[in-house]
Amino acid sequence: NSKAVATPKRTKEILNTYGFAFKKSLGQNFIIDVNILKNIIQHAEIDKAAAAIEIGPGIGALTEQLAQHADRVVAFEIDQRLVPILEDTLTDYDNVSIINQDILQADVRQVITEQFEKGQPIKVVANLPYYITTPILMKLLMDRLPVDSITVMIQKEVAERMAASPNSKSYGSLSIAVQYYTEAEVAMTVPKTVFMPQPNVDSSVLHLKMRDEPPVQVENEDFFFKLVQATFGQRRKTLMNNLARHFKSTMDKQEINQRLEAAGIDPKRRGESLSMQEFATLAQNFRAHLN
Ligand code: SAM
């Protein structure tokens, strides 16, 4: 399609026609390479049966590709100035709805019920605004929306942290938070040159496949995630040190030691070496103790 939005020439034309000035504060870096978009669509496993939710359509570069490959597309865009532009660039498609709303304020579940057919596979696909990547993804995950997968372009380092395995330098509480809800995989890395304007950081496409059930049994999720965060509190300190700090008003070191022993975990280990299952066992033992 020679008239695709995602080329340097067409993007410049559109920006000029509307006198559009980028807002850095909204993370506006538009994609100007159709091949990258086609790759994203493939990783997202979009087909004509699927419904797509996009966050931040910009001037419609990815939206247009989604409209061509999916059954229906709903896109949330916070910047009101982009609404008339999107009406123009997407005029050929009758399967797209633009919602002029902050995704963090949106009732996505409600929109899904209203806009998609019951039982339709739903895929979230986006080139996310980098300043709120983690809040957006955590909202989508914690709301337990009925979506199949999330495929997003995000900052490379954040993608690596979300998909990291134990004992790697990127592994941390964010890895556990994301992998509790999904199977996470970095699908590809993307050079800065495919954006206008070019961002300062490298990007990756992260593919998250929603789990039907969490991979471990957790009695109290809030307690579990707080404990995970505490063990990574000071990365270079041992489990014992971080836990002693976290529980200092409720437990002495001896008690902590006993709980760790009961969990079968060496107090001298560091948080970064613990698997999700070990964190679950840890939470179970410390939770049982507090009750
Ligand atoms: N999808 C387009 C593309 O790939 O060329 C634009 C991607 S750009 C990185 C991020 C987009 O998200 C911008 O259009 C920006 O206005 C929008 N955005 C920023 N914050 C948002 C929010 N809280 N809710 C919805 N959209 C937001």
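Brief remarks on what is shown
- Helices (runs of 4 or more DSSP H) contained in segment 121-232 and holding at least 3 residues under 20 Å from Ala106 (Cβ atoms): 133-142
- Each residue in segment 194-219 was checked for being without any contact (Cβ under 8 Å) to a residue 40 or more places away in the chain and loosely packed, with under 14 Cβ neighbours inside 10 Å, and 4 of them qualify.
- Cβ pairs under 7 Å, 6+ apart, first in segment 47-61 and away from the ligand (no atom under 11 Å from the Cβ) and among the aliphatic types (A, V, I, L, M), second open to solvent by 10 Å² or more (accessible area, probe 1.4 Å) and part of a strand (DSSP E or B): Ala50/Lys123; Ala51/Arg72; Ala52/Lys123
- Test: residue in segment 89-98 that is over 24 Å from the mean Cα position of the chain (by Cα), among the aliphatic types (A, V, I, L, M) and more than 10 Å from the ligand (Cβ to nearest atom): yes
- The listed residue being assigned to a helix (DSSP H, G or I), open to solvent by 30 Å² or more (accessible area, probe 1.4 Å) and among the basic types (Lys, Arg), out of Arg259, Arg269: Arg259
- Of the residues screened, Ala44 is not one that is open to solvent by 30 Å² or more (accessible area, probe 1.4 Å), more than 8 Å from the ligand (Cβ to nearest atom) and touching a residue at least 12 places away in the same chain (Cβ under 8 Å).
- Among residues of segment 62-87 being of a type in the set (Asp, Glu) and away from the ligand (no atom under 13 Å from the Cβ), the one that is surrounded by the fewest Cβ atoms within 10 Å (Cβ to Cβ) is Glu87.
- Scanning segment 88-99 for residues that are surrounded by 17 or more Cβ atoms within 10 Å (Cβ to Cβ) and of a type in the set (S, T, N, Q) yields a single hit, Thr89.
- Hey, Asp33 out of contact with any Gly (no Cβ under 9 Å at 6 or more places or on another chain), free of Cβ contacts under 8 Å to residues at least 60 places away in the same chain and more than 9 Å from the ligand (Cβ to nearest atom) or not: no
Residue by residue, here is whether (1) out of contact with any strand residue (DSSP E or B) (no Cβ under 8 Å at 6 or more places or on another chain); (2) over 13 Å from Met196 (Cβ atoms); (3) of a type in the set (Ser, Thr, Tyr); (4) open to solvent by less than 20 Å² (accessible area, probe 1.4 Å) holds:
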{"residue": "Lys3", "(1), (2), (3), (4)": "yes, yes, no, no"}
{"residue": "Thr7", "(1), (2), (3), (4)": "yes, no, yes, no"}
{"residue": "Ile32", "(1), (2), (3), (4)": "no, no, no, no"}
{"residue": "Leu37", "(1), (2), (3), (4)": "no, yes, no, yes"}
{"residue": "Ala52", "(1), (2), (3), (4)": "no, yes, no, yes"}
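- Segment 100-120, subset within 15 Å of the ligand (Cβ to nearest atom) and part of a loop (DSSP other than H, G, I, E, B), residue surrounded by the fewest Cβ atoms within 10 Å (Cβ to Cβ): Gln105
- For beta carbons closer than 7 Å, sequence separation of 6+ or different chains, a first residue in segment 130-156 that is more than 26 Å from Gln120 (Cβ to Cβ) and a second that is acidic (Asp, Glu) and surrounded by fewer than 17 Cβ atoms within 10 Å (Cβ to Cβ), the qualifying pairs are Lys156/Asp202.
The values are calculated or read from the model by the stated rules, or taken from the named source; none is laboratory data. As the structure is a prediction and not an experimental result, all values here were calculated from the model. Cβ coordinates were reconstructed from backbone atoms using ideal geometry, including for glycine residues, and neighbour counts include every protein chain displayed. Quick note on the areas: whole protein, heavy atoms, side chains included, nothing else; ligands and nucleic acids left out. Shrake-Rupley method; radii C 1.70, N 1.55, O 1.52, S 1.80 Å.
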